[in-house]
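The values are calculated or read from the model by the stated rules, or taken from the named source; none is laboratory data. This one's a predicted model, so the numbers in the text were calculated from it and none came from an experiment. All Cβ positions, even for glycine, are placed from backbone atoms using ideal geometry, and neighbour counts span all protein chains on display.
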Amino acid sequence: MALERLEFEFIGEPENGENDWEYLHIGHVMSGDLEILAERLPAQANVTRIHVTTSAVGFGSVWQMVIDEFMATHKMYGCEIWINDDGATPAVVKLRLWQLVREMSAK
Amino acid sequence: MESMAARRTEWTLRKNEFQKRLCEGRQFVDEPGSKTVNPADCVSLLEAVIRSGDRVALEGNNQKQADFLADCLCNVDVERVNNLHMVQSVIALPSHCELFERGIAGLADFSYSSPQSARVAQMVSDGKMKIGEIHTYLELFGRYFVDLTPDVALVTAISADRAGNLYTGPNTEDTPTIVEATKFRQGIVVAQVEKIVDKLPRVDIPGEWVDFLVPVGRPCYTEPLFTRDPALITDVHVLMAMMVIKGIYAQYGVKSLNHGIGFGTCAIELLLPTFAESLGLKGKVCSHWTVNPHPSLIPAIECGFVESIHSFGSEVGMEDYMANRPDVFFVGPDGSMRSNRAMCQVAGHYAVDAFVGSTLQMDRYGNSSTAVAGRIAGFGGAPNMGCDPPGRRHSTASWLRAGRESTMTRGLIGPVPRGRKLVIQMVETFGAGRVPSFVHRLDAWTLMEEAGFKVPPIMMYGDAITHLVTEEGIAHLLRCDSLEQRESAIKAVAGYTDLGREANPKETLELRRQGIVQTPEDLGIDIGDANTSHLAARSIRDLVEWSDGLYRPPDRFREW
Amino acid sequence: MDDRWNRMQDLPFSRLNARERAVAICNPGSFNELLCPRSKLTSPHLPAMGQTPQFDDGIVVGLGKAGKTPVVVVSQESRFVGGGVGEVHGTKMVMAIRLALRGQRILESRGRSPGDGGQVALVISFDTGGVRLQEANAGLLAHSEVMDAFQAARGKVPIIGVVGGTVGCFGGMGFVASSVDVLIMSDVGRLGLTGPGVIEEVVGTEEFDAANRALVWRTTGGRHRFITRDADFIVEDAMKAFREKVSEVAGWPLKKISEKRIIGTEEMVLEQMRLVGLAANDKIQDSWDLWRQFGNKDIEYLWDSDVSEFTAHAKRWPRGRIGERD
């Protein structure tokens, strides 16, 4: 039993929001749930790297689709996102990602 | 004209048989003329009044259980009493299975067996239990009055007086139905009670209908089946509940309804005083209920959302609360609530705007099932709640609107206006252990093959479902004009399951444009804002506080 | 930020997570986390077993102010591996205690007096089942290091324990929580050594049914611990109630705080043994028998009343030899 690590990279223009955050952290690693840590890259960066560590092995293609949908919706370029997952369903992953975005706009 | 057939001359065979058994049973009463039998003599009593091959209704409900009588029946001499045909709504207790293991019973007609589902499947495959049919509650009750009338009923009540009158209290459930069917066809009725008292709070079953009383000295076992700890509601449940309230209840003006016992519906109940209130829905939705007294309804009741609740059974710990809210619950002159499964099933079938439930599996056609291979769980009452009753004739705003939107009905009855009950399924695309809820082939097919059923045990057929709600959105299936379009709408909200991945993005966009599919975004719901902080109560303790201490949760739920 | 702090004060303590508790137990805006998730100091052992680590290893440590007192705060997160103590988790806890002691020395060297913010206090919010099974050796070692650090802090830095989370405080951490100077619990909080599930497994369901939560709570919960004086204070399950009590106690003179300790001298040990002797009596079948033994009559009332009524009416263990110290 090993953990699976997945890496995703997206390149695009960061949206000009008045995002005043440096880093954000939400969630807990528990069965069926995950934590997300988002760190902002220097202002000009147009790359976003997403690092997933998960105990549920073999769901790479589902992660790809959920994260693609997330990036297509929110265009979160210019950050580094770390996810520690303990077998969350796509529904939970999506919800937490959207909660992260809401947290950003709250800051 | 002279008839060719010989004339029947015997008209009291059942009555004679009853008298014979009554006499034999009476040797065990505590004094001449009494109906009371010492618990220690109960096994002998059962041996005296039950004959091999009898149809026996052993009261097994969702909540209360005639557990003492069940244990006694397990201990009868199998040489004397065997091959019984059990006709009971729920196979709930280990002793219900023991009857078959020991050869006392051989055949079962029932409705629900979820608590013993694995054991029932095993007994069927070992040839120890034969299943007649698996019914819905109303169906089985119906057959009690046609071809499955019990010869003997073994029921349970809280207390009795010496004349045999029974007080069943809030958990009346199936008792009146079982006793009426049995007694009026000259059957024997035995009741276990906690104690015999001089004066009952009220009479739920007339004493004339009861032949023997067994005062057990303790309450019968009662399962708090409808208590959901709000702490276990997830953010995903909240998201789906918000969609149901805003996208369905508010749109159709759903006033009367039945809820299943899942956490999704529990979330809806706890969002009424907060989210629904903020949408201005108080008085407009969810005023009349046919449900068990869910503790999670307390905040909505306290906030004035709820006008009335009629119940199938009671719920442990809710007794005092209900007694103090007689405007809302069905409370007798004695001050305590009375439930009745048959009545409430009828109400939930015919008289409500909507049913909301959840399921384990759904196929591409919208057929849903909770069947799992290796487990026989039965149906209970859900199929009668979760369907549009063809016999309904009265109208409500929600019923009319749903009828207008039911595109496919026109293909069958032409342009005649007709209403429709809303049947809403809340399904997370993946269940526990990331098992997909949307499948190409329901496990019900496998179970059918294993258990030798004639049809797969479908809980709700696709044609009954008007709305499918997943975390991805709502599919307004009633608005679809073909089976093909229904499939596309189901796929559109089936998320990242294999079935969901078959969805054509272009087609999904078109379905959204037509209002057949609505995402949270389409409904103006921010996914990132869906979280449990919106719930009016987030723990059992919060519910106790809402009730001013009138709700007394069972010990297993008290975490303070 | 203060908005968030205000909202948290009105919530049940048990509902907040470890980070929220740490932030909200301090004065608004005063908490600064050390080794926050961003430092990504995770367990080296969990991944080897296919278990996902968490960036803070289930514990939040940092500095803040409670009332007028500078505090070092330790807060355990029970959502992650049940609050179990592993290597990183334990090290963060030990280093936080040492940091408090070091801070105290620095303040003293600068001539600050306790009345003028010169007394550093240590606040530990326990929410744990004890040793993390996946890294038991490191976890056990951490427990002994914590006890050792407690010894070093004795008479220098007051230690205030708080138990009010959903898991409570069990296993080795039950010993640790019993070794603090002042212990504050809510009626949601539980304190014990062997967890209810393990007890059931050993003695059988007939003897102890762990699914009967009411039984579990009346045996290990805050109300019982208050009556047996394992807990010094019982407060409502409200963030605000915990913060106010912590601020109040943290402002007491060191001597007064230290006197609240229930172990640490031979005399105290003998006193505890006397309580054990009482509880082991044949007549004591249930915690409520013990309550009755101490002169409590209307048990149902005590059990169902709110915390303020409970505190006003509960008769506690009459501590004989070392006397009442309320």
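Listed values, structure above:
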quantity	calculated
Restricting region C:72-92 to residues that are out of contact with any helix residue (DSSP H, G or I) (no Cβ under 6 Å at 6 or more places or on another chain) and away from chain A (no Cβ under 14 Å), the residue that is surrounded by the fewest Cβ atoms within 10 Å (Cβ to Cβ)	C:91
Verdict on residue C:23 being part of a strand (DSSP E or B) and more than 10 Å from chain A (Cβ to nearest Cβ)	no
Leading residue by the ranking (nearest to residue A:73 (Cα to Cα)) among those in region B:516-560 that are among the polar types (S, T, N, Q) and within 14 Å of chain A (Cβ to nearest Cβ)	B:519
Subset of region B:505-515 (residues that are within 13 Å of chain A (Cβ to nearest Cβ) and in contact with a strand residue (DSSP E or B) (Cβ under 7 Å, 6 or more places away or on another chain))	B:508
Considering residues of region A:13-25 that are more than 10 Å from chain C (Cβ to nearest Cβ) and in contact with a helix residue (DSSP H, G or I) (Cβ under 8 Å, 6 or more places away or on another chain) only, the residue nearest to residue C:18 (Cα to Cα)	A:21
All positions within region C:279-300 that are surrounded by 13 or more Cβ atoms within 10 Å (Cβ to Cβ) and within 22 Å of residue B:558 (Cβ to Cβ)	C:284, C:287, C:288, C:289, C:290, C:291, C:292, C:296, C:299
Long-range neighbours under 7 Å by Cβ, at least six apart or interchain, first residue closer than 20 Å to residue C:143 by Cβ within region C:161-189, second of a type in the set (Lys, Arg) and in a loop (DSSP other than H, G, I, E, B)	C:181/C:260; C:181/C:261
Strands (runs of 3 or more DSSP E) completely within region B:39-120 that count 1 or more residues being more than 24 Å from the chain's Cα centre (by Cα) and surrounded by fewer than 20 Cβ atoms within 10 Å (Cβ to Cβ)	B:105-112
Test: residue in region B:448-457 that is of a type in the set (D, E, K, R), modelled with pLDDT of 95 or more and surrounded by fewer than 21 Cβ atoms within 10 Å (Cβ to Cβ)	no
Among the candidates C:180, C:131, C:167, residue that is touching a strand residue (DSSP E or B) at 6+ places or on another chain (Cβ under 9 Å), surrounded by fewer than 24 Cβ atoms within 10 Å (Cβ to Cβ), among the hydrophobic types (A, V, I, L, M, F, W, C) and more than 14 Å from chain B (Cβ to nearest Cβ)	C:131
Enumeration of residues in region B:1-38 that are over 16 Å from residue B:150 (Cα atoms), crowded, with 17+ Cβ neighbours inside 10 Å and in contact with a helix residue (DSSP H, G or I) (Cβ under 9 Å, 6 or more places away or on another chain)	B:25, B:26, B:28, B:29, B:35, B:37
2 or more residues in contact with a Phe, Trp or Tyr (Cβ under 7 Å, 6 or more places away or on another chain) and either within 14 Å of another protein chain (Cβ to nearest Cβ) or touching a residue at least 12 places away in the same chain (Cβ under 8 Å) (or both): qualifying helices (runs of 4 or more DSSP H) within region C:238-326	C:239-250
Only listed residue being in a loop (DSSP other than H, G, I, E, B), in contact with a strand residue (DSSP E or B) (Cβ under 9 Å, 6 or more places away or on another chain) and touching a residue at least 60 places away in the same chain (Cβ under 8 Å), chosen from C:14, C:30, C:43, C:78	C:78
Failed item, numbered, when residue A:104 is tested on (1) part of a loop (DSSP other than H, G, I, E, B); (2) within 11 Å of chain B (Cβ to nearest Cβ); (3) at pLDDT below 90	(1)
Of all residues making up region C:33-55, the number that are surrounded by fewer than 19 Cβ atoms within 10 Å (Cβ to Cβ), under 30 Å from residue C:65 (Cβ atoms), more than 7 Å from chain A (Cβ to nearest Cβ) and of a type outside the set (S, T, N, Q)	4
Helices (runs of 4 or more DSSP H) contained entirely in region B:228-338, each with at least 1 residues that are in contact with a Leu (Cβ under 7 Å, 6 or more places away or on another chain) and β-branched (Val, Ile, Thr)	B:235-244, B:298-302
Some residue of region A:1-11 being at pLDDT 95 or above, within 11 Å of another protein chain (Cβ to nearest Cβ) and surrounded by fewer than 15 Cβ atoms within 10 Å (Cβ to Cβ)	yes
Within region B:212-225, considering residues that are in contact with a Pro (Cβ under 7 Å, 6 or more places away or on another chain) and among the hydrophobic types (A, V, I, L, M, F, W, C), the one nearest to residue B:545 (Cα to Cα)	B:216
Leading residue by the ranking (surrounded by the fewest Cβ atoms within 10 Å (Cβ to Cβ)) among those in region B:340-366 that are of a type in the set (A, V, I, L, M, F, W, C) and over 21 Å from residue B:170 (Cβ atoms)	B:351
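A quick yes/no check of all residues on (1) under 15 Å from the mean Cα position of the chain (by Cα); (2) closer than 22 Å to residue B:525 by Cα; (3) touching a residue at least 60 places away in the same chain (Cβ under 8 Å):
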{"site": "A:41", "(1), (2), (3)": "yes, no, no"}
{"site": "A:48", "(1), (2), (3)": "yes, no, no"}
{"site": "A:52", "(1), (2), (3)": "yes, no, no"}
{"site": "A:60", "(1), (2), (3)": "yes, no, no"}
{"site": "A:73", "(1), (2), (3)": "yes, yes, no"}
{"site": "A:81", "(1), (2), (3)": "yes, no, no"}
{"site": "A:97", "(1), (2), (3)": "yes, yes, yes"}
